[in-house]
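Undergrad: Below you will find the structure I want to go over with you.
The values are calculated or read from the model by the stated rules, or taken from the named source; none is laboratory data. The shown structure was predicted, so the numbers you read here are calculated from the model rather than taken from an experiment. Note that each Cβ is placed from the backbone with ideal geometry, even for glycine, and that neighbours are counted across all protein chains shown.
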Amino acid sequence: MKVLRADSRESIVELIGGTPLVRLGKLEPRPGVEIWAKAEFCNPGGSVKDRAALQMVRDGVAAGALTTDKTIIDSTSGNTGVAYSMVGAALGYRVALVMPANVSAARKQISASYGTEIIFSSELEGSDGAIRMVRQLVAENPGKYFYPDQYSNDSNPRAHYLGTGREIWEQTGGRVTHFVAGIGTTGTIMGTGRRLKEYSARVQIVAVEPDDALHGLEGLKHLPSSLVPAIWQPDGIVDRRMPMGTDEAWDTADQIAHEEGLFVGHSAGAAVAGALRVAREVPEGERACIVTLLPDRGDRYFTPLRWEKLYEW
Ligand SMILES: Cc1ncc(COP(=O)(O)O)c(C=O)c1O
């Protein structure tokens, strides 16, 4: 007799999504103001971007735009690259990534470990330079690539509309009052925000962004000085944009590691810092259920130790 286990899957990609909500109880300013965090580092590729990558690939296959003779190519600040690499390897597609030369060593090496080709763009031009380079490669090689373009692809926010937003509504039993998240491609905030607004127009959607073009919040984008993503359509979805300083975000990342045992990346620190500001503003006597999102774990920003075994004993 075949034994079926509820926790067995046919492929790693089926483990994407369905992440837990974790309460940040020690950070709550007073009883009645709850802060919860969506633990996106629990995705198998280690970040929130697994959701968008899988949705873009699946929708590309369904539309006939992605076939097995093509290479998936995109620009990425790192986590999307890891996600494409994992999804591509699991589903049988080649992957090439363009990334600024100065993204963390760990992220470059993780993507390469899946067999992905890494192409470097100028570190002086940041993520916009990577976008320009990938567009040029695609234009020069017609038919070679499938270019999902996470900044313009509706499947990116759709992943969060179908997954993240529905999950948060269900996990809070419809009690969520605020959703606070950082913005990079803006897929997370647009898709989750749209879904939550459909459930209840009263849910407040807060987009946290770096307060300066030069910042230390990898994964997040300072929109006033950037190419604005086509999927960023905040009207009716985003109630508030909240500029966040690097120091406050980094300090908050340290605080949640020390006080909650959650060692997360700096964009998660920014999102939680935003949630804390919102929590402190809740008027006396009112209740709130604030949900934020932790895109990845802090150890993604360390250099892996894998090659130590090459040293002579
Ligand atoms: C670490 C990290 N945080 C936040 C984000 C932002 O998410 P989104 O692109 O959905 O706006 C990203 C996206 O690349 C990321 O890598």
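Undergrad: Arg194 is checked against (1) crowded, with 24+ Cβ neighbours inside 10 Å; (2) on the phi < 0 side of the Ramachandran plot and fails just one. What number does that condition carry?
TA: (1) is the only condition that Arg194 fails.
Yes/no per residue for (1) modelled with pLDDT of 95 or more; (2) among the β-branched types (Val, Ile, Thr); (3) surrounded by fewer than 20 Cβ atoms within 10 Å (Cβ to Cβ):
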{"residue": "Ile72", "(1), (2), (3)": "yes, yes, no"}
{"residue": "Asn79", "(1), (2), (3)": "no, no, no"}
{"residue": "Ser85", "(1), (2), (3)": "yes, no, no"}
{"residue": "Gly92", "(1), (2), (3)": "yes, no, yes"}
{"residue": "Val95", "(1), (2), (3)": "yes, yes, no"}
{"residue": "Lys144", "(1), (2), (3)": "yes, no, yes"}
{"residue": "Arg158", "(1), (2), (3)": "yes, no, no"}
{"residue": "Gly163", "(1), (2), (3)": "yes, no, no"}
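Undergrad: Need the failing condition index for Lys197 against (1) outside any loop (DSSP other than H, G, I, E, B); (2) under 27 Å from Tyr301 (Cβ atoms); (3) not small (Gly, Ala, Ser), just the number.
TA: Of everything listed in (1) outside any loop (DSSP other than H, G, I, E, B); (2) under 27 Å from Tyr301 (Cβ atoms); (3) not small (Gly, Ala, Ser), Lys197 misses just condition (2).
Undergrad: Does region 253-271 hold any residues that are in a helix (DSSP H, G or I) and within 12 Å of the ligand (Cβ to nearest atom), and which are they?
TA: Hits for region 253-271 are Ala253, His266, Ser267, Ala268, Gly269, Ala270, Ala271.
Undergrad: Search region 175-192 for residues being within 16 Å of the ligand (Cβ to nearest atom) and over 15 Å from Ala52 (Cβ atoms), and hand back the single one that is farthest from the chain's Cα centre (by Cα).
TA: So, considering only residues that are within 16 Å of the ligand (Cβ to nearest atom) and over 15 Å from Ala52 (Cβ atoms), the one farthest from the chain's Cα centre (by Cα) is Phe179.
Undergrad: Does Leu223 fit the bill of being crowded, with 16+ Cβ neighbours inside 10 Å and out of contact with any helix residue (DSSP H, G or I) (no Cβ under 9 Å at 6 or more places or on another chain)?
TA: The answer is yes for Leu223.
Undergrad: What are the residues in region 216-241 that are away from the ligand (no atom under 13 Å from the Cβ), free of Cβ contacts under 8 Å to residues at least 40 places away in the same chain and among the aliphatic types (A, V, I, L, M), if any?
TA: Matches in region 216-241: none.
Undergrad: Can I ask one more? Can you find, within region 8-37, the residue that is surrounded by the most Cβ atoms within 10 Å (Cβ to Cβ) among those that are in contact with a Cys (Cβ under 9 Å, 6 or more places away or on another chain) and assigned to a loop (DSSP other than H, G, I, E, B)?
TA: So, considering only residues that are in contact with a Cys (Cβ under 9 Å, 6 or more places away or on another chain) and assigned to a loop (DSSP other than H, G, I, E, B), the one surrounded by the most Cβ atoms within 10 Å (Cβ to Cβ) is Thr19.
Undergrad: Separate question: I'm told Ala96 meets every condition in (1) assigned to a loop (DSSP other than H, G, I, E, B); (2) under 24 Å from Thr68 (Cβ atoms) except one. Can you identify the failing condition by its number?
TA: Tallying (1) assigned to a loop (DSSP other than H, G, I, E, B); (2) under 24 Å from Thr68 (Cβ atoms), Ala96 fails exactly one: (1).
Undergrad: OK, next. Determine whether region 238-248 contains at least one residue that is touching a helix residue (DSSP H, G or I) at 6+ places or on another chain (Cβ under 7 Å) and closer than 23 Å to Gly17 by Cβ.
TA: Checked against the condition, which is being touching a helix residue (DSSP H, G or I) at 6+ places or on another chain (Cβ under 7 Å) and closer than 23 Å to Gly17 by Cβ, region 238-248 yields at least one hit.
Undergrad: Let me ask something else about it. Taking region 38-84, which residues are away from the ligand (no atom under 11 Å from the Cβ), among the hydroxyl-bearing types (Ser, Thr, Tyr) and not in a strand (DSSP E or B)?
TA: Thr67, Thr68, Tyr84
Undergrad: Continuing with the same structure: Among the candidates Ala105, Ala96, Ala90, single out the residue that is touching a residue at least 60 places away in the same chain (Cβ under 8 Å) and more than 16 Å from the ligand (Cβ to nearest atom).
TA: Answer to the check: Ala90.
Undergrad: Would you check if Val206 is part of a loop (DSSP other than H, G, I, E, B), at pLDDT 95 or above, farther than 22 Å from Thr76 by Cα and among the hydrophobic types (A, V, I, L, M, F, W, C)?
TA: No.
Undergrad: Output the qualifying pairs, or none if there are none: Cβ atoms under 6 angstrom, residues six or more apart or on different chains, first residue in region 259-283 and more than 23 Å from Thr186 (Cα to Cα), second residue among the β-branched types (Val, Ile, Thr) and within 16 Å of the ligand (Cβ to nearest atom).
TA: Here the result reads Leu262/Ile256, each pair linking region 259-283 to a residue that is among the β-branched types (Val, Ile, Thr) and within 16 Å of the ligand (Cβ to nearest atom).
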